[in-house]
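**Q** Handing you this structure, nothing more for now.
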Amino acid sequence: MEILLLNTRDDASELAAKGFTGSWSLNAKRAIGCDYVVICALGEGTGVMVGKMRGLMRTENHPSRFEVYFSEYAEISVPNVWERTTQNPVGYADASSLPIDFENLNFRKV
């Protein structure tokens, strides 16, 4: 199972309240196939939220960028989720390579 990773300064509580992320330049075909999006704290590498992917929507002012929507979310605090060395704040990972137990998270509706 592939997971979409987003490394951001955005507050996880605010993202959970609105049910979608900010605008991202990403591979839409690849991202739409992901089951979950994991929000990581920029500069820390800590996973702070997991969202069940609901879909993508092009942003109005930037048609090559997308907002990521999720139907449910779970707050987490898992260190060492973002271990990429690239400057790109978008990544993909296999669920088995991440230190997150996706099956036993306490999801809440958006």
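The values are calculated or read from the model by the stated rules, or taken from the named source; none is laboratory data. Only a predicted model underlies this, so the values are computations on that prediction, with no experimental measurement involved. All Cβ positions, even for glycine, are placed from backbone atoms using ideal geometry, and neighbour counts span all protein chains on display. Ligands, DNA and RNA are excluded from the accessible area calculation, which covers all protein heavy atoms including side chains. Shrake-Rupley method; radii C 1.70, N 1.55, O 1.52, S 1.80 Å.
**Q** Could you check the range 4-53 and list, in sequence order, the residues that are within 19 Å of LEU98 (Cα to Cα), of a type in the set (Lys, Arg) and either within 9 Å of the chain's Cα centre (by Cα) or not in a helix (DSSP H, G or I) (or both)?
**A** LYS52 - this is the single residue of the range 4-53 that is within 19 Å of LEU98 (Cα to Cα), of a type in the set (Lys, Arg) and either within 9 Å of the chain's Cα centre (by Cα) or not in a helix (DSSP H, G or I) (or both).
**Q** Could you tell me which of the residues TYR69, TYR73 is within 16 Å of THR21 (Cβ to Cβ) and in contact with a helix residue (DSSP H, G or I) (Cβ under 6 Å, 6 or more places away or on another chain)? Explain how you work it out, then say what you get.
**A** Working: TYR69 fails: in contact with a helix residue (DSSP H, G or I) (Cβ under 6 Å, 6 or more places away or on another chain).
The match here is TYR73.
**Q** So if I check each of ARG54, ARG58, which one is closer than 13 Å to VAL110 by Cβ, open to solvent by 40 Å² or more (accessible area, probe 1.4 Å) and free of Cβ contacts under 8 Å to residues at least 40 places away in the same chain?
**A** After applying the criteria, what remains is ARG54.
**Q** Could you tell me which of the residues SER71, SER64 is open to solvent by less than 70 Å² (accessible area, probe 1.4 Å), of a type in the set (Ser, Thr, Tyr) and either without any contact (Cβ under 8 Å) to a residue 60 or more places away in the chain or assigned to a loop (DSSP other than H, G, I, E, B) (or both)?
**A** SER71
**Q** Can you tell me which residue within the range 76-87, out of those that are assigned to a loop (DSSP other than H, G, I, E, B) and of a type in the set (Val, Ile, Thr), is nearest to PHE20 (Cα to Cα)?
**A** VAL81
**Q** Please name all residue pairs, on different chains or six or more residues apart, with Cβ atoms under 8 Å, provided the first residue is in the range 1-27 and is open to solvent by 70 Å² or more (accessible area, probe 1.4 Å) and the second residue is assigned to a helix (DSSP H, G or I) and among the aliphatic types (A, V, I, L, M).
**A** Short answer, once both residue conditions are applied: MET1/ALA95.
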